[in-house]
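Derivation of every value follows stated rules applied to the coordinates shown; laboratory data play no part. All values reported here derive from a predicted model rather than from experimental measurement. Because the Cβ atoms are built from the backbone with ideal geometry, glycine has one as well, and the counts that use them run over all protein chains shown.
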Amino acid sequence: MPDMAQNIRDFVIGRYRSVYGKGPKDVYVRIFKNMVILRVQGILTPMERYALAQEQNCIELVKPLRQKVFSLMQPDIIFKIEETTGTKVIQVCSEILWERDEQYCMIVLNQDIR
């Protein structure tokens, strides 16, 4: 399983880098039974950090774009997880913690990883 987690981690870092122009500070991947948990740290671009530091209501500008871009990236991430684990992804839940500059994703698989 460590090779699976590393493979997923490397892919996520590369995907963020290619889409946002910068990679995250770090990505932690944990595989537990039928779940893949991602903790992606340092996701905000300098422009997003600047806007959010100026006004709290700027989150309403940044959030929809972040959500849309992640939804566009999601099929690639799903494909990589399915390819790596040999299982089918049945659900993806994602949340950004703006104050911590982190994104958490829980990916639910159709069966436990062995």
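So the values come out like this:
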read-out: Count of region 63-86 residues which are of a type in the set (D, E, K, R), under 13 Å from the mean Cα position of the chain (by Cα) and closer than 16 Å to L38 by Cα; value: 2
read-out: Count of residues meeting criterion [within 10 Å of the chain's Cα centre (by Cα), in a helix (DSSP H, G or I) and among the basic types (K, R)] in region 8-60; value: 2
read-out: Region 19-52, residues that are under 20 Å from T84 (Cα atoms) and of a type in the set (S, T, N, Q); value: N34
read-out: Pairs where the first residue, in region 82-109, is on the phi > 0 side of the Ramachandran plot and the second is surrounded by 19 or more Cβ atoms within 10 Å (Cβ to Cβ) and not aromatic (F, W, Y), C-beta under 7 Å, 6+ apart; value: D101/I43; D101/L44
read-out: Any hit, region 64-77, residues being among the charged types (D, E, K, R), surrounded by 13 or more Cβ atoms within 10 Å (Cβ to Cβ) and either touching a Pro at 6+ places or on another chain (Cβ under 8 Å) or free of Cβ contacts under 8 Å to residues at least 60 places away in the same chain (or both); value: yes
read-out: Members of region 85-104 found to be touching a strand residue (DSSP E or B) at 6+ places or on another chain (Cβ under 9 Å) and part of a helix (DSSP H, G or I), listed by number; value: T85, R100
